[in-house]
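First the structure, in the form of structure tokens, and then the observations on it.
Since every read-out is calculated from the coordinates, none of them should be taken as a lab result. Owing to the predicted nature of the structure, the values given are computational and were not obtained by experimental measurement. Positions of Cβ are backbone-derived with ideal geometry, glycine not excepted, and every protein chain shown enters the neighbour counts.
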Amino acid sequence: MKRFFQAIIAILFLPMGVFAQVTSGTITGVVRDIAGGSLQGASVEAIHEPSGTKYSTVSNKTGNFYLPGVRVGGPYKVTIRYVGFKEEVTSDIFVQLGEPTTVDVRMADTKGELKEVVLTATARKGALISKDRKGASTNLSAQLISSMPTLSRSITDMVRFTPQLSGPNQGFGTSFGGADNRAINFTLDGSIFNNSFGLQALNGSQTNSTPISLDAIQEVAINLSPYNLRDAGFTGASINAVTKSGTNTVHGTAFYNTRNQSLVGKSTIKGQDNVVVTDFDVKQYGASFGGPIIKNKLFYFANFEAERRNDPGVTSAMVLNNLVTPTQEAEINGLTSFLSSKFGYETGGYKNYNSLTSSDKAVVRFDWNISDVHKLSVRGNYLRSNRDVPISNSNSIGGARNSANALSFANSRYEINNDITGIVAQLNSRFSNKVSNEIIFGYTANRDYRGIKGKSFPTVDIQNGTGQSYLTFGVDPFTPNNVLNTDTWQFSDNLTVYKGKHTISMGLAYESFTYTNGFTPRINGIYTFNNLTDFYTAANAYIANPNATTSPVPLRGYSATWSNLPSGEPWLVTTKARSIGLYLQDEYDVNNKFSVTYGVRFDIPFFANNGFVNTEVDQMSFKNEKGAATKLSTSKLPGYKIMINPRIGFNYDVNGDKSVQIRGGAGLFTGRPPFVYISNQMGNNGVLNADVNYTGSFGNGTTTGPTATQIPFNPNTPAKPIVGYGLAPAVPGKPAPSYNIATTEENFRFPQVFRANLAVDAKLGGGIIGSIEGLFSQYVSNIFYYNANLIPSSTNFLVGPDNRPRFGAVANGTLNPTTNTLSGVSTPSVSNIRINSKLSDAIVMKSGTFGGGFMGTLKLEKPMKSKGFGWMVAYNFGYTRDFESAGSIASSSWTGKRTVRGNNDPDISFSDNDTRNRLIGNLNYRTEISKNVAVGFSIFYQGSNWGNFSYTYNGDMNGDGVFGNDLMFIPTAAQVQTMKFENYTVGGVLQTQAMQAAAFEKYISQDKYLSSRRGEYAQRNGVIMPVVNRFDISGVVELFKNVGGNRHTIQLRADIFNVGNLINPQSGVSYVINQASPLSFRALDNTSGLPVFRMQAVNNSLNYSTYRKGSFVSDVWQAQFGIRYIF
């Protein structure tokens, strides 16, 4: 078996890829006579009326017929002929994506009359009750998509229709089923369309752009538990979208939308304009055209859409609130002149400049009916998008670089670019009435990169003399050489055989990802000066002597990275991932009531290259998360694994008349990890780069490495290596003096989840369908990080009720019983917690059965039609648990955990994406009020918990070197009185031990969660935030006239988000957490052995509640107006 799979890998080890998502629909049914007997050999012809595309077959010996690979949408006309029987013709049939449309007929002979219903309800629009519906799914038609309220014109506004969507703001920044938002597999015409590298869920997100126009989408299918084995590559949801096609009629549309600051609310409090709304301008425009090249044979469809957004570029409250004094303005102007004249560096302005966001996207598709046997479609798409972004606040010693006390310049911003070019071809072939085939081939190139605004220059932070940031100029420290190129090749072949009541499918899936990532943080260097005078002194010293080796003034800080490659070139990291998929399944119509789908899929992911060798790490010893000795390697990536995915789903038509159905199933689903996880190992190995991080204290140098005056200012980039002081490697290419590593366990397995659902759907009369559904998930393989360089805890806190494990870097001090102040607080050495002192950390990624969840859904729906009312209301209750919700950086994923016993030993608790309650509703209405005028509206309601959070201590309570991660112990009322609080002054008032204890007790008492867990530890994400209710609405007025037999329409449209806030300023307002860390750990008291705290203030007060109401632009109503021409 092993050699067999090795042979497959060797054969397919080519720069190509494959994927096998569903991209079309199926028309199926049974032909019987009036007595119920099967009619074999009946001729079945389905014609897609808009394009004239014809599909034909004959019924088999059981009377069943199958027309796979048909166009999504409609209407279709189905004609059935049989010798000696009356011809049956049925129209107005619509096909859904991935959901077979059932057309069951009973034919009367030429002498009799048809007394039975010819067409089942599932052939019409909406297939909520269908023998082929088994898992948890939601379909979004083009009609629904065009009517739903939207401001961004993004699919993110559409997926809100799915009850099992979770997380605040419910969109692609959130998740499905409580899984990581990157655990989706979003495909467009069968090609992978989400960001597989994993920096965000959907391509274009970094530029706030959408990768495809809503006008180009025909239908979207969202599946959380599809039992069709072609659906793969996810543990959250499979989202399949198909683009529109041309027809025999030339049709098109063009639109223009606009919104600005005058269409935004300004109040979340009655009678107060408390929301700051700066001037902005958004314009959206686009057009779509489709038609025949050769009637009934060859068709085209083209779409283009653009967005231009202009926002104020200034983010500094110091500038926005006019806090810059005349003296400071003179300093700023003098600085810009100095930099321009002495170094040729232009800072740009510090006020009155704009930031731009731009995106252009296009889709072109051709459909060719080659013959009755072969039908080919080819689609190309592109996105070109960019956005101006303020300089990052990371690695700033003095706090934010843009704040009430600090500002930066226009040319310190950077431009982020997200570009996509893709092509996919699909060939559907029906070789006979018993055999059909589908081939998909595609390629997508993603190019994400950054650009600087001005000339290359180091990042320079000027402080105000008291340790706070004041002025920042130069290039963003994370922008130079920042690039990510992703190449995805795809190919799939899916064969289907029809044998009696069995539809047997088999297929091969192979996909290839190649990522080339450049990330050289701080390669230009970050200089931090105590004040502006010091900078001038250092800069003039460079002008006088560019080769000086010392600085005339002490630096407040310096941080830089340089290449450790022998060539000295910036480093690039390439990761190559491949995956093979093989599946076999049978869809068996057992009888008229019961159908079952079952099969098995084999996914074989592997990596086509290795990491970089660090022989020094190979010789080191480490400990795993349980404290056992282990060895690590920076070069070894996980070997290939065979991921077995059996699935079975069923549908039971209880009464045989499609009035009540029971459906469900169970199976395994294998996803991809965000490949940035693997790229972490490729880039964090200790051999690609070396760095220096120096932080002084207003002129006092460190005791090791360079001192404050040993780093001269140099305006040239990239930064020069600091030679000496033990900071530069003796030989390039060898391990650096200090570094961190990220590795992956060799037996690491891709994410895999066991998922099962059980549901009942019933027609309730009046066109209403009711559903109740349960969805259970348990991870078979999920992500877990641990630090193999952390010395395990050897003791616990010995005094007090909080007896958590204690590591070697706990701060100690002496609490004076008279003044109630700490003295002699130690600064713990990190060497006390590092197994290998040279490594800051060694983060290991492993996999295991960590986490799971449940969701229960109640739903009532009346599908929308072209006229009249359509509505839906659904309630979803759920919970999701895991060890951690990992980010994109290995080290921050580990430090970002919230734990009691340290981050190597977390408890299973609630996921970041856990949303306990979600109620949604949608109401659509359209009517023609005269022969030339129609009106309509769509309302979307959502009420859901606004997220969750953890109560933690500020500081490093357990001494593991990680700050802000230790879950808080919630004391009883008696235990609060025994706690140690250090006196300190807040807002001019001395807060004593007794005052802080009383304030903390009051805070616990008013918090429902804390009050319920007294004497216990807080849980990670244990606090469920209150429900926020919001209504969004869109309204249209259509003016139309028939000219030459074709309808021409002018549509006027308004979209308003959070419309309730327009009526009542307090409606739809979010909740903001006042303080998730009410206690700040100061030190362990040497005398009592108890921890000493300060209760943290909010707005200079210790008297505050858990939440306050938000006052952001997202909390108030926002409107957009548009005009559209349709022909």
Query raised in the report: Which distance in Å, rounded to a whole number, links the C-alpha centroids of the stretch 579-602 and the stretch 806-883?
Result: 39 Å
Query raised in the report: Long-range amide H contacts for Ala136: which residues qualify at under 5 Å (H placed 1.01 Å from N, peptide plane, sequence gap of 5 or more or a different chain)?
Result: Leu224, Ser225
Requested in this report: Divide the volume of the convex hull of the Cα atoms of the stretch 413-501 by its number of residues and quote the answer in cubic angstrom per residue.
Outcome: 132 Å³
Query raised in the report: If you average the sequence gap of Cα pairs under 8 Å that are 6 or more apart and divide by the length of the stretch 236-305, what percent do you get for the contact order?
Result: 39 percent
Query - Between 0 and 90°, nearest 10: helix 2-12 axis offset from the chain longest Cα axis - result: 90 degrees
Query raised in the report: Quick one: Karplus J couplings for the stretch 808-819, per residue in order, coefficients 6.51, -1.76, 1.60, θ = phi - 60°, nearest Hz, x for Gly and Pro?
Result: x, 10, 7, 6, 10, x, 10, 8, 5, x, 8, 8
Query raised in the report: Based on the inverse mean of 1/r over its pairs of different Cα atoms, what is the Kirkwood hydrodynamic radius of the stretch 1010-1067, in Å?
Result: 16.5 Å
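Give me the extension gain from Lys838 to Asn591: residue separation times 0.36 nm, minus the current Cα-Cα distance, reported in nm with one decimal.
On the way: separation 247, 0.36 × 247 = 88.92 nm, distance 6.90 nm.
Going from the current span to full extension adds 82.0 nm.
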Requested in this report: Can you tell me the FRET efficiency between Asn1103 and Thr327 if r is taken as the Cβ-Cβ distance and R0 is 56 Å, rounded to the nearest 0.05?
Outcome: 0.90
Query raised in the report: For the cross-link pairs Lys283/Lys361; Lys86/Lys593; Lys86/Lys499, which exceed 18 Å when the distance is taken from alpha carbon to alpha carbon?
Result: Lys86/Lys593; Lys86/Lys499
**Report entry** Cβ-based charge dipole, the chain, positive-most Cα from Thr814, Thr327, Asn1058
**Finding:** Asn1058
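Quick one: length gained pulling Asn354 to Asn609 fully straight, 0.36 nm per residue minus the C-alpha distance?
Working: separation 255, 0.36 × 255 = 91.80 nm, distance 4.41 nm.
Gain on stretching Asn354 to Asn609: 87.4 nm.
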Requested in this report: Please give the FRET efficiency for Asn540 paired with Glu569, using the beta carbon to beta carbon distance and R0 = 30 Å, rounded to the nearest 0.05.
Outcome: 0.40
Report summary line: Residue span Thr1087 to Gln1066: 0.36 nm per residue of separation minus Cα-Cα distance leaves a gain in nm of 2.5 nm
Query raised in the report: Can you sort Trp1117, Trp571 by how many other beta carbons sit within 10 Å, fewest first?
Result: Trp571, Trp1117
Query raised in the report: For the stretch 967-1076, what log10 I(q)/I(0) values come out of the Debye formula at q = 0.11, 0.20, 0.24 1/Å, with one point per alpha carbon and no solvent?
Result: -0.62, -1.08, -1.27
Query raised in the report: Say the cut-off is 24 Å between C-alpha atoms; which of Lys576/Lys626; Lys434/Lys865; Lys54/Lys862; Lys641/Lys897; Lys846/Lys897 go over it?
Result: Lys576/Lys626; Lys434/Lys865; Lys54/Lys862; Lys641/Lys897
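Averaging over every viewing direction, what projected area does the convex hull of the Cα atoms of the stretch 587-701 cover, in nm²?
Working: hull surface 61.3 nm².
For the Cα atoms of the stretch 587-701, the hull's average projected area reads 15.3 nm².
Using the Kirkwood radius over Cα pairs, work out the Stokes-Einstein diffusion coefficient for the stretch 126-275 at 4 °C and 1.567 mPa s, in µm²/s as a whole number. The partial results should precede the final answer.
Values: Rh = 17.2 Å.
Reported coefficient: 75 µm²/s.
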Requested in this report: Quick one: which residues, 5 or more positions from Phe797 or on another chain, have an amide H under 5 Å from its amide H? H modelled 1.01 Å from N in the peptide plane, none for Pro or chain starts.
Outcome: Arg804, Arg806
Report summary line: Mean Cβ-within-10 Å packing, highest first, puts peptides 201-210, 1094-1103 in the order 201-210, 1094-1103
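What percent do you get for the relative contact order of the chain when only Cα pairs under 8 Å and 6+ apart count? Intermediate results must be reported in sequence, preceding the final value.
Values: 3185 pairs, mean separation 113.0, N = 1127.
That works out to 10 percent.
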Report task. Just rank Ser154, Ser38, fewest to most, by other beta-carbon atoms within 10 angstrom. Result -> Ser38, Ser154
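Quote the charge dipole size of the stretch 342-421 about the Cα centre in Debye, to the nearest 20; the model charges only the Cβ of Lys and Arg (+1) and of Asp and Glu (-1). Could the numbers behind the result be given before it?
Values: 10 positive and 7 negative charges, 41 e Å.
Result for the stretch 342-421 is approximately 200 debye, rounded to the nearest 20.
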Query raised in the report: Using 1/(1 + (r/R0)^6) with R0 = 60 angstrom and r between the beta carbons of Ala254 and Ala628, what's the FRET efficiency to the nearest 0.05?
Result: 0.35
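As a check on your grasp of the helix formula, calculate [θ] at 222 nm for the chain: sum -39500 (n - 2.57) over DSSP H runs of n ≥ 4, divide by the residue count, round to the nearest 500.
Numbers: 12 runs with 101 residues, N = 1127.
Result for the chain: -2500 deg cm²/dmol, rounded to the nearest 500.
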